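Asker: Here it is: the structure, laid out below.
The values are calculated or read from the model by the stated rules, or taken from the named source; none is laboratory data. Just so you know, these numbers come straight off a predicted model, no measurement behind them. Glycine also receives a Cβ, built like all others from the backbone with ideal geometry; neighbour counts cover every protein chain displayed.
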C-alpha cells in the first residue's frame, strides 16, 4: 500500500531561523512525484514545492528546499529565514496520479 | 486564470437531506479531483475525472455519493441521505494531466450535518 508518514504533529521555529519538516513514504513505484503543500488556518491548500522522483537534484523554491533521499523514501522540507506568514499546516503528498497525503505538521512561527 | 472555485463555501444540512457541491476547475485543466478532509487530518482521495470520464473512485465513496463532470468542465458531488459522519471539508483540485502532476486546490466546501 502507498502511504505517507509525517511523524511531527507540531513544530515551532523562531522568526528568521531554519526549520526542517520530515516526511517518509512507502511505494513500489519507480516513477512518481512528491509535493509539499501549505494550508494556512481557514485558507486553501497552496503548493509549496515539488520533486520528481527521477531527478537526483533536490528542488528549491526561494526559501524552501527539500532533501530527497529516494532509497530511504524520505522527503523533508527545509524552510530558511522563517517568516510569520509561514505558520500553517504543512502536508507532504505523493502521487503517481491521485494525491496521497500525510497527516500534516502544524508549524508555529514565533517573533 | 481565476483558479479553482467551489460553491457553496459552507453548507449546513439536516441528517437525511441531499446536498450537492459544485467545482469549477482551472480552465483547460483535463483532470479534476475530489478529496475529503476532516479536522486535523490530511485530505483523503474520493474520485477523479479525466475530462468527462470518471477514472477512479475510492472505496471511501459509498453509494450515497455520486460525482459527475458532464461536459468535461465543472463537476458536481452529490451526497444523498446525509449522515453526521459526512461532516467534513470537501476539496476540489485540478491539474493539466499532461506531464505536470501538480494539483491546484479550491477553497473547499465545509459541510456540517446536524
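Asker: Could you please find all residues in segment B:56-72 being surrounded by 13 or more Cβ atoms within 10 Å (Cβ to Cβ) and at pLDDT 90 or above?
Answerer: Those that are surrounded by 13 or more Cβ atoms within 10 Å (Cβ to Cβ) and at pLDDT 90 or above: B:56, B:57, B:58, B:64, B:65, B:66, B:67, B:68, B:69.
Asker: Taking the options A:75, A:64, name whichever one is within 10 Å of the chain's Cα centre (by Cα) and over 30 Å from residue B:6 (Cα atoms). So that I can check it myself, show each step before the final result.
Answerer: Working: A:64 fails: over 30 Å from residue B:6 (Cα atoms).
Unique residue meeting the criteria: A:75.
Asker: Would it be correct to say that residue A:96 is surrounded by fewer than 19 Cβ atoms within 10 Å (Cβ to Cβ) and touching a helix residue (DSSP H, G or I) at 6+ places or on another chain (Cβ under 8 Å)?
Answerer: Working: surrounded by fewer than 19 Cβ atoms within 10 Å (Cβ to Cβ): yes; touching a helix residue (DSSP H, G or I) at 6+ places or on another chain (Cβ under 8 Å): no.
Considered against the rule, which asks whether it is surrounded by fewer than 19 Cβ atoms within 10 Å (Cβ to Cβ) and touching a helix residue (DSSP H, G or I) at 6+ places or on another chain (Cβ under 8 Å), residue A:96 comes out as no.
Asker: Another one. Out of segment A:1-32, which residues are under 20 Å from residue B:40 (Cβ atoms), in contact (Cβ under 8 Å) with a residue 40 or more places away in the chain and assigned to a loop (DSSP other than H, G, I, E, B)?
Answerer: Across segment A:1-32, the qualifying residues are A:6, A:8, A:9, A:22, A:23.
Asker: Out of B:55, B:46, B:32, which single residue is more than 19 Å from residue B:106 (Cβ to Cβ), in a strand (DSSP E or B) and either within 14 Å of chain A (Cβ to nearest Cβ) or touching a helix residue (DSSP H, G or I) at 6+ places or on another chain (Cβ under 8 Å) (or both)? Working first, answer last.
Answerer: Details: B:46 fails: more than 19 Å from residue B:106 (Cβ to Cβ); B:32 fails: more than 19 Å from residue B:106 (Cβ to Cβ).
The match here is B:55.
Asker: Condition first: within 11 Å of another protein chain (Cβ to nearest Cβ) and touching a strand residue (DSSP E or B) at 6+ places or on another chain (Cβ under 7 Å). Now tell me which residues in segment A:24-37 satisfy that.
Answerer: Restricting attention to segment A:24-37, the residues satisfying the condition of being within 11 Å of another protein chain (Cβ to nearest Cβ) are A:31-35, A:37.
Answer for segment A:24-37, where residues must be within 11 Å of another protein chain (Cβ to nearest Cβ) and touching a strand residue (DSSP E or B) at 6+ places or on another chain (Cβ under 7 Å): A:32, A:33, A:34, A:35, A:37.
Asker: Counting only residues that are farther than 17 Å from residue B:93 by Cβ, within 11 Å of chain B (Cβ to nearest Cβ) and exposed (fewer than 13 other Cβ atoms within 10 Å of the Cβ), how many does segment A:38-55 have?
Answerer: Residues flagged as farther than 17 Å from residue B:93 by Cβ, within 11 Å of chain B (Cβ to nearest Cβ) and exposed (fewer than 13 other Cβ atoms within 10 Å of the Cβ) within segment A:38-55 amount to 1.
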